[in-house]
Structures are given as structure tokens and as C-alpha cells.
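What follows is a single structure, written as C-alpha cells, with notes after it.
The values are calculated or read from the model by the stated rules, or taken from the named source; none is laboratory data. Here the structure is a predicted model, which is why all the values come from computation and not from measurement. Every residue, glycine as well, gets a Cβ built from its backbone with ideal geometry; the counts of neighbours run over all protein chains shown. Each accessible area value is taken on the protein alone, full model and side chains, heavy atoms only, with ligands, DNA and RNA left out. Shrake-Rupley method; radii C 1.70, N 1.55, O 1.52, S 1.80 Å.
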Amino acid sequence: MGDEVLVERDGSVAWVRLNRPDRLNAMNAALMDGLVLRLRELADDPEVRCVALTGQGRAFCAGGDVDLMSDRERRGSPTDAVGPRMDHQVRVLDRRFEAIELLSSMPKPTVAMVRGWALGGGLALALACDVRFVAEDARLGMGFLARAVSGTFGMAYLLTSILGSAKAREFALLREWVGGADAVAMGLATSVHPADELEEHTQEVCRRLAAGPTFAYGKFKDSVNFALGADLRRVMHYEAVNSRLTSLSDDARESVAAYREKRPPRFTGT
């Protein structure tokens, strides 16, 4: 395993740090595969009673690494997205989405500490945690729709469960991103702090949670997930299919071309 995901122990608290700071901790295959493996280990470790997730450097996670979106991945059209190739790509996405499910369901508190950008899948990682502490300079955004992709990582489930259907739609359609204070005001984050005080606050809360009744915390999380009704894994699979279809659209190819050419995209709606 590489060093894309670091784990540090502070007593019964495990700090998980996304470690691609030169890319604002943008997701690649190694980071997501490493994150799933680390979270599995921590979920099963009885000595770990709270998990804190953050990013190295000046960002939490800027979503998927757009520079890795090759022309090959964007070639074709939605009508071509059938058969074994489509099934394989969706299975790969499903496997990497396990990180979201682990953060949401592991039987111990999970805490996100967000500095800078948390976009797309990065925002989903934060929303999958039980609580989110953000810096004043945090920037939280849906991300996917700006690239003409419908969204993955359980975003529809997470936004709807946290904000409700109407506010989830408003956030996705009308807000490119929100700052730390606005994120707290609308319910996306738990509390906002000056950047130089954020880690100390997060450490204090994590230590308190780690000293609490872990078994009861885990069962409460289980009850909340049951009360929500929808199955997160099924939602993420459904999202993966829709995301793959939209990623093959003309608009998605135009989005990547515009990013590489450093110009505004010219979407046609196809």
C-alpha cells in the first residue's frame, strides 16, 4: 500500500489523513483503495473508539482528480454504455464507494475535519461522517454537476438525509459552493472555527467521543440508518449507473476539454 492515506493514533482516536496535498487530496485509485482498506481495519479494531478524517495540507479533498480523466474514459455516448464493460466500471465504482458506507455505518463515531476545498466525492466523505467541523476558509460544493456528471459517492442520499429533498436540490442546482459559516447555517456542517483553532477543537471532541459509550453510539448509528429507510449501498449503485451514463455525454467531454483548455464550458444539454 502506498502513502496516499496516513493513519495516526491518539489514544483511542484514529486520525485518517488523505495524503495527496499537491493535488488538494484529489481522489485517484490508490487513494480510494487505500482509504477503504484503512477504514475496514479501523472499523474492526476494538482499540479504536473514534475515527477522524481530514486532508493533509490546505484542502480536505477536491473530489476526483480531473487530470486523470482520460479521453478514453470520455469516449462514446450513453447508448454505448451497455454490456460487460459498463458492468465492470460500475463494479469498480461500487467497490470504492465502500469508504462512504464504512464512515456512515461503522459502530463508532466518525468525525470530519474540513479545511479548504471539499468537493464532489470529497464532500461526500465529509457528509458520511457523523459530525463535521469546518474552518472559516472551508469551501463545500457538489462539484459533479459542474462537470456534467450526475453524481456518485452517495451524494443524493447524503444531501437528502442531511438537508431534506428541497434544500438538497437547491444546494446542488444553485450553489457552486458554500463557505464554512454558510455550511453550518444550512446544516451541512456542525460548527465553524478559525483555521488555527480547528484541529485543537476536533481533537478535544474526538477524545471525548472516544471516552464515551462506544457500543451505544454504534447501535444509535445503526438505528438512525434504519430509520432513514433507503439502503445507502443500493443508492450508490444506482448513482454509479447514472454517473457512468452522464460521464459519456457530449457535455461531460466538453467539460473536460474546457478544463484542460482553461476556458468556460459550452454545454449543449446532450
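Over the chain, what is the mean sequence separation of C-alpha contacts under 8 Å (at least six apart), divided by residue count, expressed as relative contact order in percent?
21
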Using a simple spin-label model with points 7 Å from Cα along the Cα→Cβ vector, what separation in nm is obtained for His237 and Leu6? 3.7
In straight Cα distance, which lysines are under 18 Å from Lys221, not counting same-chain residues fewer than 8 positions off? Lys108
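As a check on your grasp of the helix formula, calculate [θ] at 222 nm for the chain: sum -39500 (n - 2.57) over DSSP H runs of n ≥ 4, divide by the residue count, round to the nearest 500. Show your work: numbers first, answer last.
Numbers: 12 runs with 134 residues, N = 270.
Dividing the helical sum by the residues of the chain leaves -15000 deg cm²/dmol.
Using a probe of 1.4 angstrom, how much of the accessible area of the range 92-178 is carbon and sulfur, in percent? Write out the running numbers ahead of the final one.
On the way: 1650 of 2990 Å².
Its accessible area is 55 percent carbon and sulfur atoms.
Per residue, how many Å² of accessible area does the chain show with a 1.4 Å probe? Display every interim value, and only then the final one.
Working: 12980 Å² over 270 residues.
Per residue, the chain has 48 Å² of solvent-accessible surface.
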State the answer as a single residue: which of Pro264, Val131, Asn25 lies farthest towards the positive end of the charge dipole of the chain, with beta carbon charges of +1 for Lys and Arg and -1 for Asp and Glu, about the Cα centre. Pro264
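Using a Förster radius of 30 Å, what is the FRET efficiency between Glu261 and Ala195 based on their Cβ-Cβ separation? Nearest 0.05, please.
Efficiency at R0 = 30 Å is approximately 0.35.
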At most 16 other Cβ within 10 Å, DSSP loop - GluC sites (Glu not before Pro), the range 1-56: Glu47
Match the structure shown to one of the listed values [x] 1, 6, 12, 15, 15, 13, 12, 10, 8, 5, 3, 1, 0, 0; [y] 1, 5, 10, 12, 12, 10, 7, 5, 5, 5, 6, 6, 5, 5, 3, 2, 1, 1, 0, 0, 0; [z] 1, 6, 13, 18, 19, 18, 13, 7, 4, 2, 0 of P(r) over Cα pairs in 5 Å bins from 0, in percent, computed from it, and give that label. [z]
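Suppose every Lys and Arg Cβ carries +1 and every Asp and Glu Cβ carries -1, with no other charges. What dipole size does the chain come out with about its Cα centre, to the nearest 20 debye?
Values: 35 positive and 37 negative charges, 118 e Å.
Roughly 560 debye, rounded to the nearest 20.
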Between helix 165-174 and the chain, what is the angle of the helix's C-alpha long axis to the longest principal axis, kept within 0 to 90° and rounded to the nearest 10? 60
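Of the peptides 180-188, 30-38, how do they stack up when ordered by the mean number of other Cβ atoms within 10 Å, highest first?
Working: 180-188: 18.1, 30-38: 19.9.
Peptide ranking by packing, descending: 30-38, 180-188.
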At 7 Å along Cα-to-Cβ for each site, give me the label-to-label distance between Asp65 and Ala146 in nm. 1.9
